[in-house]
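Accompanying notes for the structure given below.
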Amino acid sequence: MSRYAVNSLLYRLKKERAYRERFLADPAGLVADLDLTDDERAAFVARDMRRINALGGYLHLVMSVPGLAVHVTHAERD
Amino acid sequence: MGRIVFAAAMSHVLDPDYYQDACGLSGRRKVEACMTEIRAMGARMLAQRPDALIVVADDHLNAFSFNAVPALCVRIGRHVDRMVQEEAEAFDRALEGMPARYGLHEDLANRILEDGMTAGFDLALSWEAPIDHAFLSPVMTLHGQAPVTPLVPIWVNCFVAPQPTPARCFAFGRHLASVVAAGPWNVGIIATGGLSHFPQLLLPRVGESDTAFDRRLLGWLEKGEHAPLQSLTTGELDKTGEHEFLNWMALIGAVTPAPADVRYFGELGRINLAAVEWRLA
């Protein structure tokens, strides 16, 4: 697991619009040279935030990267 | 001689739209009920005319990149800006519509920082870090339309392991109390976040909260029993979704052994919302 590489990538995707747009246009190209494992690279290419969280991506990032965030909803409670 | 004139802790996503989206109308109703109690707490705070408001909260990987993750960080300087997030999602949207800039209480912040270093707390400092919903959602709810009290934002690293221990945060709170006592100011202090939510910070566990653990914590707070709190571990806080209770530990250290009144506690499934106010001598 590449804790730093996964999370610094998530951080840049959240904070830098131009970087995020590059990723959305060509995710495989953008992650090709990053220090990620094959699993991590595949999860980013698939934009699979649940898998990215399971691989060590911080929850608050996977829930807040614009356009890629996971939204979890819950049943009504009294 | 200075005094802590107000102390409270509260949940910090105070956004009815967010909870309606996530939890339906009952989510909206519960956070609105919690906010009503926080507004009443704010009226009591403002009646004390505090010179400064210390806000102990956490960073949601917004203010600090992976360039550095401080365990405890004091925001110094004259102003602080709110975080701006383009195309904000989820909890980041709670900031929209809030003022862009807030005044700081520069002298108190400097005393906390400089005296802290002398006292053995190797504190980080920041002149530039912006503040997110963890600070501003409670601050704006407490103040309503009133001018915002000069702030002293303090970050605790609640999420990026290894975090400071609960005992260390409590000891830092004792330091805050000694700085206030030595100064000339009347000071309010709030801690934000929680209660139980997002155990282990894992998506499959979003929707779980440990109500029994919350009730144990609140029982200790109501009785002013602070010794058991100092024995908690960061591992326990992670497992139970109480990461942000580290912020509360700093406040508890600042006001110990004061007992607390629970003004609001509500179970949402996603999170247990809470608002707690301490009875100060």
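Just one of the listed residues (B:Leu203, B:Leu280, B:Leu218) is crowded, with 17+ Cβ neighbours inside 10 Å and in contact (Cβ under 8 Å) with a residue 40 or more places away in the chain, and it is B:Leu218.
Only one entry in B:Pro138, B:Pro162, B:Pro153 is within 14 Å of chain A (Cβ to nearest Cβ) and either of a type in the set (A, V, I, L, M, F, W, C) or at negative phi (or both), namely B:Pro162.
Looking only at region B:50-75, residues that are under 23 Å from B:Phe170 (Cβ atoms), assigned to a loop (DSSP other than H, G, I, E, B) and in contact with a Leu (Cβ under 6 Å, 6 or more places away or on another chain) come to 0 in all. Within region B:172-226, the set of residues being charged (D, E, K, R) and within 14 Å of chain A (Cβ to nearest Cβ) comprises B:Arg205, B:Glu208.
May I ask you to verify whether B:Leu108 is assigned to a helix (DSSP H, G or I), more than 30 Å from B:Asn272 (Cβ to Cβ) and touching a Phe, Trp or Tyr at 6+ places or on another chain (Cβ under 7 Å)? Even if it seems obvious, please write down each step before you answer.
Details: assigned to a helix (DSSP H, G or I): yes; more than 30 Å from B:Asn272 (Cβ to Cβ): yes; touching a Phe, Trp or Tyr at 6+ places or on another chain (Cβ under 7 Å): yes.
Here the answer is yes, as B:Leu108 does meet what is asked.
The condition (being over 19 Å from B:Leu53 (Cα atoms), modelled with pLDDT of 95 or more and out of contact with any helix residue (DSSP H, G or I) (no Cβ under 9 Å at 6 or more places or on another chain)) is satisfied by just one residue among B:Met140, B:Met117: B:Met117. In the set A:Val70, A:Val45, only one residue is β-branched (Val, Ile, Thr) and within 14 Å of chain B (Cβ to nearest Cβ); that residue is A:Val70. Candidates are the residues of region B:21-60 that are within 20 Å of B:Val262 (Cβ to Cβ) and among the β-branched types (Val, Ile, Thr); the one that is nearest to the other protein chains (Cβ to nearest Cβ) is B:Val31. The helices (runs of 4 or more DSSP H) falling completely within region B:195-258 that include 3 or more residues that are closer than 29 Å to B:Cys23 by Cα and out of contact with any Ser or Thr (no Cβ under 6 Å at 6 or more places or on another chain) map to B:211-223, B:234-240, B:245-255.
The values are calculated or read from the model by the stated rules, or taken from the named source; none is laboratory data. Source: prediction; values computed, not measured. In this analysis, Cβ positions are derived from the backbone assuming ideal geometry, glycine residues included, and neighbour counts consider all displayed protein chains.
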